[in-house]
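**Student:** Can you keep this structure in mind? I'll have questions shortly.
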Amino acid sequence: MRGDRGQRGGAASVGHFAERSIAGLAAVTGAGVAFGLLLLLVRVRWSPLQDADHAVADWFNDLVAPHHALVTVLQAVTDLGGRPILIWLVTIAVVGLLIRRQPRLAVYLIITGVGGLILDPSLKTLVGRLRPVVDLPIASAPGNSFPSGHALGSFVAYGALLLVFLPAMAPRWRKPAIVAVGVLVTLIGLTRIALGVHFVSDVLAGWLLGAAWLGVTSYAFQLWRRERGRPVPPLTEGLEPEAGHDIAPAPAEEHVLAHPRSAVAELLVGWVLVFGALYAFGTYVSYHAKGTFFDTLDTEVPRWFADRHSEVLTEVSWWWSKFGDTHAILLIALVFCPLVLAVWRRWRPVLFVALAMVGELTLFLASARAVDRPRPAVENLDGQMPTSSFPSGHIAATICIWLAIAVIVLPRTDRWWRWILVALAVIMPVGVATSRMYRGMHHPTDFMGAMLLSALWIGLLYLVIRPNADVREGNQPSIESEDVDTLDDELARAGRAD
């Protein structure tokens with residue numbers, strides 16, 4: 001009897017898989033055929049399609065060009081489909097999956113993502129279609145027009161990430177997540193038309209090709225599971241439902257903070273006190289320190305640097321200064337925080353880093369506006385800046401991000417490389433501070449103000465958030481210290497049979 005039920009269950013499973021396979025293949029084939037037809041019409045320059053493309057491009061240009069705020073919003077949305085964002089997302093996901101010992105899903109993301117990267121430029125070169133020419137250009141893009149790389153890339157990348165991480169979501173959130181990804185991909189494609197860098201047919205082609213390629217790779221993954229005797233779930237449940245717990249960001253953490261309301265109150269009060277200390281020190285060194293050591297320091301040091309300007313040092317200072325700008329600091333945080341989630345499965349360290357950066361930015365802007373200190377009376381190599389001199393935002397941001405990283409990592413591993421992060425917490429701020437003063441953008445006491453801001457704010461966060469509380473409670477990383485050096489071997493194992 002049990003054997004009969006097992007056989008019937010197996011037959012039913014095969015039947016369900018066959019039905020889904022036929023429906024999936026039909027959908028993938030349909031997307032491929034539609035793309036091929038669209039490609040043919042573009043290649044032969046079919047007049048009705050060309051007329052429709054140009055009419056829509058002109059209509060969007062007339063609608064969008066006069067509204068600069070709308071253009072800014074469209075640019076922000078379109079950036080979500082650009083290669084830098086998509087490559088970052090896929091790369092972080094791959095590293096996280098390897099850390100969580102899910103090499104099959106990591107290989108799936110790599111193959112799917114690389115395929116999308118190859119298809120876009122190769123087809124653009126094959127077709128050779130020029131981009132739209134509109135009356136009021138509001139954006140530009142390199143290369144040819146067909147198909148839209150943003151439409152193709154966003155469909156493939158966000159779709160693949162969704163299929164991989166759906167099992168980590170609660171069932172009630174899966175359909176909203178699917179809808180959200182669909183809306184995002186649609187908006188990214190529409191922005192390419194609205195900004196005048198693609199025709200409608202370019203975006204449609206990108207979506208169709210993306211659907212076909214994503215369907216092919218997903219179907220191949222399902223076949224792989226079937227060949228190894230694993231059940232093949234519908235794609236609405238993700239590629240590997242059994243991996244849901246392992247790939248969830250922080251499944252072991254029920255509460256990020258034990259008393260969130262009191263923590264918010266403590267941080268708000270602390271923020272005000274830190275701002276008061278910054279305002280007091282900034283006002284003193286800016287307007288009331290004449291004839292003191294601070295005045296001598298702020299006068300002589302900028303002159304000393306200005307007298308030693310050279311072409312080589314100016315170039316070096318420009319690059320080093322970039323390590324402290326907003327984009328660099330944001331990139332470091334966007335790499336570090338997902339890795340923390342992948343390794344230690346806790347949101348609290350991520351919250352610590354996020355609050356460190358938000359607090360630094362708000363304290364810097366508020367104190368800079370309140371103190372309103374002029375730049376040093378030497379040549380300012382970076383020209384006119386939108387903020388005042390005290391405190392240095394570059395230096396404060398650099399101190400906060402690297403100090404926060406060192407505070408989190410130091411007690412969590414016994415590997416030798418943790419001391420590199422401690423060294424960077426000193427070297428990076430000193431380098432950025434030297435470059436900013438060399439370029440005539442800050443006084444030495446602006447550097448001191450940045451140190452004061454960082455020390456007080458990071459200290460406050462450490463006491464309130466307690467980012468390493470889980471270590472004291474016995475939390476172990478998802479990958480042990482001795483396994484770090486062998487992490488690359490996971491890719492080699494991915495192609496082997498179970």
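The values are calculated or read from the model by the stated rules, or taken from the named source; none is laboratory data. No experiment lies behind these values; they were computed from the predicted model shown. As a convention, Cβ positions derive from the backbone with ideal geometry for all residues, glycine included, and neighbour counts pool all protein chains shown. For accessibility, only protein heavy atoms count, side chains too; no ligands or nucleic acids. Shrake-Rupley method; radii C 1.70, N 1.55, O 1.52, S 1.80 Å.
**Student:** Do any helices (runs of 4 or more DSSP H) lying entirely in the stretch 19-138 carry at least 1 residues that are in contact (Cβ under 8 Å) with a residue 40 or more places away in the chain and under 18 Å from the mean Cα position of the chain (by Cα), and which ones are they?
**Tutor:** Numbers: elements: 47-64, 68-79, 83-99, 103-127.
Qualifying helices (runs of 4 or more DSSP H): 68-79, 83-99, 103-127.
**Student:** Any idea which of (1) exposed (fewer than 11 other Cβ atoms within 10 Å of the Cβ); (2) part of a loop (DSSP other than H, G, I, E, B) is the one PRO233 doesn't satisfy?
**Tutor:** Result: PRO233 passes all but (1).
**Student:** Within the stretch 244-255, work out how many residues are open to solvent by less than 20 Å² (accessible area, probe 1.4 Å) and either of a type in the set (S, T, N, Q) or not in a helix (DSSP H, G or I) (or both).
**Tutor:** Residues of the stretch 244-255 open to solvent by less than 20 Å² (accessible area, probe 1.4 Å): 244, 247-248, 250.
Narrowing the set further to residues that are either of a type in the set (S, T, N, Q) or not in a helix (DSSP H, G or I) (or both) leaves 248, 250.
Within the stretch 244-255, residues that are open to solvent by less than 20 Å² (accessible area, probe 1.4 Å) and either of a type in the set (S, T, N, Q) or not in a helix (DSSP H, G or I) (or both) number 2.
**Student:** Further question: Among the candidates ALA492, ALA455, which residue alone is farther than 19 Å from ALA333 by Cβ, open to solvent by 20 Å² or more (accessible area, probe 1.4 Å), in a helix (DSSP H, G or I) and modelled with pLDDT under 90? Please lay out each step first, then the result.
**Tutor:** Numbers: ALA455 fails: modelled with pLDDT under 90.
Exactly one residue qualifies, and that residue is ALA492.
**Student:** Being of a type in the set (S, T, N, Q) and at pLDDT 80 or above is the filter; apply it to the stretch 11-70 and report the residue that is surrounded by the fewest Cβ atoms within 10 Å (Cβ to Cβ).
**Tutor:** Once the filter is applied, the top-ranked residue is SER47.
**Student:** Please pick out the residue among ALA160, ALA168 that is open to solvent by 20 Å² or more (accessible area, probe 1.4 Å) and either of a type in the set (A, V, I, L, M) or at positive phi (or both). Before the answer, list the steps.
**Tutor:** Numbers: ALA160 fails: open to solvent by 20 Å² or more (accessible area, probe 1.4 Å).
When all the criteria are applied, what remains is ALA168.
**Student:** Taking THR191, is it more than 30 Å from PHE352 (Cβ to Cβ), open to solvent by less than 20 Å² (accessible area, probe 1.4 Å) and either modelled with pLDDT of 85 or more or of a type in the set (Gly, Ala, Ser) (or both)?
**Tutor:** Criteria met by THR191.
Okay, residues lined up against (1) closer than 24 Å to ILE87 by Cβ; (2) in a helix (DSSP H, G or I); (3) over 22 Å from the mean Cα position of the chain (by Cα); (4) in contact (Cβ under 8 Å) with a residue 12 or more places away in the chain:
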site	(1), (2), (3), (4)
PRO142	yes, no, yes, no
SER145	yes, no, yes, yes
GLY153	yes, yes, no, yes
ALA157	yes, yes, no, yes
LEU166	yes, yes, no, yes
PHE221	yes, yes, yes, yes
GLU242	no, yes, yes, yes
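**Student:** Could I ask something else about it? Where residues in the stretch 256-304 are open to solvent by less than 60 Å² (accessible area, probe 1.4 Å) and of a type in the set (Ser, Thr, Tyr), which of them is farthest from the chain's Cα centre (by Cα)?
**Tutor:** THR292
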